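Okay, structure first, notes after.
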Amino acid sequence: MGGLTDRARDAATSLRILTESGIVRPYSPRVLAGLATTLHRWGPHPSGGFKTAAQRMPDRLAVIDERGSLTFAQLHRRTNALANALAARGVAPGDGVAVMCRNHRGFIEASIAVSKLGADLLYLNTAFAGPQLADVLDRERPRVVIHDEEFVALLAAAPVEDRILAWTDGDPDVDTLEGMMRTGDDAEPVPPSTAGRTVILTSGTTGTPKGAPRPQGGIPAAVSLLSRMPLRSEWTCHVAAPLFHTWGFAHYQLAMLLGTTLVLRRSFEPESALELLNKYDCDSFAVIPVMLQRILALPEETLDRYPLPHLKAVASSGSALPGDLPIRWMDRFGDNLYSVYGSTEVAWASIAAPADLRAAPGTAGRLPHATEVRILDDRGRPVPVGEPGRIFVGNALQISGYTGGGGKEMVDDLMCTGDVGRFDEAGRLYVEGRDDEMIVSGGENVFPKEVEDCLASHPGVAEVAAIGVDDEDFGTRLVAYVVLSDPTLTEDQLKEHVRATLARFKVPRSIEFLDELPRNATGKVLKRELADR
């Protein structure tokens with residue numbers, strides 16, 4: 001009886017969230033019948049989801065990029081043509097299609113078309129070096145790679161049968177996505193008997209990237225996110241986060257449910273992003289934290305030109321918000337910042353709303369709907385509130401394993417994120433760092449993140465990363481790498497700043513100044529490159 005009650009309560013909560021977001025709304029009997037038929041034939045995948053958007057709102061803009069705009073109806077017809085053209089080139093259900101594209105219509109259209117064929121999608125990181133790319137393609141063996149022209153040389157030796165250009169600055173011909181869609185048959189393909197997989201790669205910051213097949217989250221995934229973030233139907237969203245990353249991909253998938261207009265650009269520039277948000281009256285902004293840092297580093301007179309009164313939700317994920325960044329952003333642009341903690345393997349585990357970030361800027365927030373998080377010790381036992389331990393997450397979004405075999409450690413169906421964290425008395429989660437980043441210096445445990453946040457709070461610091469390096473006297477010593485916004489700052493001044501806030505043993509033994517930190521395409525600092533300096 002308890003299980004039945006829980007399911008009824010969960011269904012009621014989901015219906016409320018979907019109604020508040022505008023996904024569930026009154027439609028005419030004719031439209032409802034069409035939607036039901038589409039979902040029955042195609043399922044809740046991009047193939048079916050974007051077709052339902054074309055049925056519900058055919059004339060609404062789906063994508064705005066550097067080439068112009070496309071409505072949902074145009075997107076549906078063009079992806080029909082592309083799916084048929086790919087099938088004519090031999091792509092069949094179960095085949096692999098890799099996509100190596102920046103943020104533009106080609107990424108969206110390739111993804112939907114491949115879904116219509118029941119083929120598997122593999123998203124490649126646009127910042128991969130040659131050896132990483134070769135390792136991934138040799139392991140995954142896609143039949144086709146769809147890629148931007150800028151990656152031709154990088155992919156020249158890839159073990160792939162067929163290559164198709166997505167974005168090209170030349171005239172599109174029959175061997176480009178645009179040429180295939182112009183000349184292809186836009187009749188609807190026959191729905192595949194099984195849905196293809198979507199494989200997102202881990203960041204590869206500690207080795208060869210792993211393939212993480214994303215479960216078809218559909219409505220449950222949307223409900224989970226929308227329970228803590230007020231995204232609404234028919235908003236306009238500038239997605240600056242890379243689409244190949246879990247966070248950018250999430251907004252692409254949400255668009256088929258919410259009817260979101262996606263504003264895309266192939267590269268991120270701080271002022272250009274503000275211009276886009278202003279020009280298109282964007283309601284939401286999907287980012288990684290370093291993008292917010294770079295916007296706030298613009299001159300005051302530049303920031304003053306873009307008050308962004310229409311911006312209602314700034315959705316940040318990919319890494320933690322450093323130092324006092326949340327407060328500085330909200331003081332400038334209003335209380336619209338939401339920070340999502342998660343990983344490629346578990347998607348989102350907690351979400352910090354503006355009130356959480358005001359009260360505790362370092363928090364990872366609270367749990368979304370239908371999510372469980374436990375803090376466990378090294379023996380898998382729960383630790384008391386306030387005590388740190390390893391973070392384990394349970395939800396409907398976690399992967400079942402990597403494409404190359406293996407997976408994350410599991411305890412009672414909860415997956416280890418690889419992070420150490422704690423809950424406070426108010427139920428807010430804090431992430432203290434990676435469990436393999438903790439260093440022991442002079443017999444004391446130190447997590448670099450706490451030191452990074454402290455240094456980042458100094459007004460003269462633009463960016464910071466801290467790591468442990470071997471030391472004959474202390475075992476390991478903490479070294480901080482800092483990018484300054486105030487070039488007059490000295491190492492001693494920054495050490496004193498840390499000493500005034502944290503315990504003595506958390507003061508870095510040395511601080512090195514850099515022009516920039518090495519980062520991957522999703523904004524994560526490549527600490528192995530710092531360690532190799």
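You will find that of Leu311, Leu254, Leu243, Leu276, the residue that is more than 21 Å from Ala462 (Cα to Cα), in contact (Cβ under 8 Å) with a residue 60 or more places away in the chain and outside the structural domain of Val483 (by TED's automatic domain parsing) is Leu243 and no other.
Among the residues in region 207-228, are any at pLDDT 95 or above, assigned to a loop (DSSP other than H, G, I, E, B), not assigned by TED's automatic domain parsing to the domain that holds Ala134 and not β-branched (Val, Ile, Thr)? Looking through region 207-228, at least one residue is at pLDDT 95 or above, assigned to a loop (DSSP other than H, G, I, E, B), not assigned by TED's automatic domain parsing to the domain that holds Ala134 and not β-branched (Val, Ile, Thr). Listed conditions (1) out of contact with any helix residue (DSSP H, G or I) (no Cβ under 7 Å at 6 or more places or on another chain); (2) of a type outside the set (A, V, I, L, M); (3) in a loop (DSSP other than H, G, I, E, B) are all met by Arg477, apart from (3). Pairs meeting the criteria (first residue in region 171-183 and at pLDDT 80 or above, second residue surrounded by 20 or more Cβ atoms within 10 Å (Cβ to Cβ) and part of a loop (DSSP other than H, G, I, E, B), beta carbons under 6 Å, at least 6 apart or on different chains) are Leu177/Ala166. For region 270-308, the set of residues classified as of a type in the set (Lys, Arg) and within 27 Å of Leu484 (Cβ to Cβ) consists of Arg294, Arg305, listed by residue number. Can you find even one residue in region 91-101 that is surrounded by fewer than 21 Cβ atoms within 10 Å (Cβ to Cβ) and over 18 Å from Trp42 (Cβ atoms)? Within region 91-101, one or more residues are surrounded by fewer than 21 Cβ atoms within 10 Å (Cβ to Cβ) and over 18 Å from Trp42 (Cβ atoms).
Residue-wise test of (1) among the aliphatic types (A, V, I, L, M); (2) surrounded by 20 or more Cβ atoms within 10 Å (Cβ to Cβ); (3) touching a His at 6+ places or on another chain (Cβ under 9 Å); (4) under 27 Å from Thr202 (Cα atoms).
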residue	(1), (2), (3), (4)
Pro459	no, no, no, no
Ala480	yes, yes, no, yes
Thr490	no, no, no, no
Lys495	no, no, no, no
Arg504	no, no, no, no
Lys527	no, yes, no, yes
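Within region 444-457, the set of residues being closer than 21 Å to Pro518 by Cβ and out of contact with any Lys or Arg (no Cβ under 7 Å at 6 or more places or on another chain) comprises Phe447, Pro448, Lys449, Glu452, Asp453, Leu455, Ala456. Counting only strands (runs of 3 or more DSSP E) wholly contained in region 355-466, the ones carrying 1 or more residues that are at pLDDT 90 or above occupy 372-376, 389-394, 414-423, 429-434.
Of the residues His45, His40, His104, which is at pLDDT below 95 and within 22 Å of Ala241 (Cα to Cα)? When all the criteria are applied, what remains is His45. May I ask you to list pairs of residues, at least six apart or on different chains, whose Cβ atoms are under 8 Å apart, with the first in region 141-164 being outside the structural domain of Arg105 (by TED's automatic domain parsing) and under 15 Å from Arg102 (Cα atoms) and the second being at pLDDT below 90 and surrounded by 14 or more Cβ atoms within 10 Å (Cβ to Cβ)? Going by the 8 Å Cβ cut-off, there are no qualifying pairs. Restricting region 12-45 to residues that are among the polar types (S, T, N, Q) and in contact with a Lys or Arg (Cβ under 7 Å, 6 or more places away or on another chain), which is nearest to Leu257 (Cα to Cα)? Once the filter is applied, the top-ranked residue is Ser21.
Based on what the data block shows, is Ile108 touching a Pro at 6+ places or on another chain (Cβ under 8 Å) and part of a helix (DSSP H, G or I)? In short, no.
The values are calculated or read from the model by the stated rules, or taken from the named source; none is laboratory data. Source: prediction; values computed, not measured. Cβ sites come from the backbone with ideal geometry, for glycine too, and all protein chains shown count toward neighbours.
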